[in-house]
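Input: a single structure, listed below in structure tokens.
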Amino acid sequence: DQQVKQNSPSLSVQEGRISILNCDYTNSMFDYFLWYKKYPAEGPTFLISISSIKDKNEDGRFTVFLNKSAKHLSLHIVPSQPGDSAVYFCAATTQGNNDMRFGAGTRLTVKP
Amino acid sequence: NAGVTQTPKFQVLKTGQSMTLQCAQDMNHEYMSWYRQDPGMGLRLIHYSVGAGITDQGEVPNGYNVSRSTTEDFPLRLLSAAPSQTSVYFCASSSVWGSYEQYFGPGTRLTVT
């Protein structure tokens, strides 16, 4: 039972353009969401997070949008750079709960 | 700070063998966890610990044991390896309070034949 879904296994964008990665969740108890980035042969690294009391959080080139009614969040990267090429995982949890659920990941390729 | 370290990086086991995957962190984090990553499945939580002496099961705990005798170490034991346990294993840690940001180790790639 995958409670967090990333339906696009891969995404390719041109350098300088916007990358939009999508994530859907089914558990309405989730109230905290995170994005992690993973390079080959390395562990995931934290990128950005958002609490359900917000609908947007920005950190430099990265912005996460949360639509609670649609149970959908997205990560926007503007402008995309070749160094952003990695696998991006969406994760969700309920605050106070120690169980974090991850999506299957989206492989982003940014072409020079 | 070394962050989260895992050993070994690679391991090949025969069905039925046992082994322990080691995980250590030097950030004085209360929370530690083990995940496995399989193609098309993302990361799935195996076991976690919120402090020394306290462990609990995650989403996929069967076939794995853990213990937490110190804040720094959180080993994962496979008592009788099965081919279904072929995976990449990640250990992670975080502070219990505040941000849910987890710090991950580099992973252990395990193959069970």
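For the reader, a short list of remarks on this structure follows.
- Extreme residue, most open to solvent (accessible area, probe 1.4 Å), among residues of region B:58-91 that are modelled with pLDDT of 95 or more and within 11 Å of chain A (Cβ to nearest Cβ): B:VAL88
- All positions within region A:68-85 that are touching a strand residue (DSSP E or B) at 6+ places or on another chain (Cβ under 7 Å), among the polar types (S, T, N, Q) and closer than 14 Å to A:CYS23 by Cα: A:SER74
- Any hit, region A:85-107, residues being closer than 28 Å to B:ALA2 by Cβ and away from chain B (no Cβ under 14 Å): yes
- Meets criteria (open to solvent by 50 Å² or more (accessible area, probe 1.4 Å), farther than 17 Å from A:PHE89 by Cβ and part of a loop (DSSP other than H, G, I, E, B)) for B:GLN11: no
- Of residues in region B:92-113 being part of a loop (DSSP other than H, G, I, E, B) and modelled with pLDDT under 95, the one most open to solvent (accessible area, probe 1.4 Å): B:TRP97
- Pairs, first more than 7 Å from chain A (Cβ to nearest Cβ) and farther than 15 Å from B:VAL96 by Cα in region B:37-53, second open to solvent by 50 Å² or more (accessible area, probe 1.4 Å) and part of a loop (DSSP other than H, G, I, E, B), C-beta under 6 Å, six or more apart: B:ARG44/B:GLU59
- Among the strands (runs of 3 or more DSSP E) confined to region A:1-59, the ones with at least 3 residues that are open to solvent by 20 Å² or more (accessible area, probe 1.4 Å) and of a type outside the set (D, E, K, R) are located at A:10-14, A:45-51.
- Count of residues meeting criterion [of a type in the set (Ser, Thr, Tyr), surrounded by fewer than 22 Cβ atoms within 10 Å (Cβ to Cβ) and part of a strand (DSSP E or B)] in region A:74-92: 1
- Positions within region A:33-75 being out of contact with any Lys or Arg (no Cβ under 6 Å at 6 or more places or on another chain), within 10 Å of chain B (Cβ to nearest Cβ) and not aromatic (Phe, Trp, Tyr), in sequence order: A:LEU34, A:LYS38, A:ALA41, A:GLU42, A:GLY43, A:ILE48, A:SER49, A:SER51
- Boolean, A:GLY96 is crowded, with 17+ Cβ neighbours inside 10 Å and under 27 Å from B:TYR31 (Cα atoms): no
The values are calculated or read from the model by the stated rules, or taken from the named source; none is laboratory data. Computed from a prediction, not measured in an experiment: that's the story for all the values here. Neighbour counts are summed over all protein chains in view; Cβ atoms, including those assigned to glycine, are modelled from backbone coordinates with ideal geometry. Quick note on the areas: whole protein, heavy atoms, side chains included, nothing else; ligands and nucleic acids left out. Shrake-Rupley method; radii C 1.70, N 1.55, O 1.52, S 1.80 Å.
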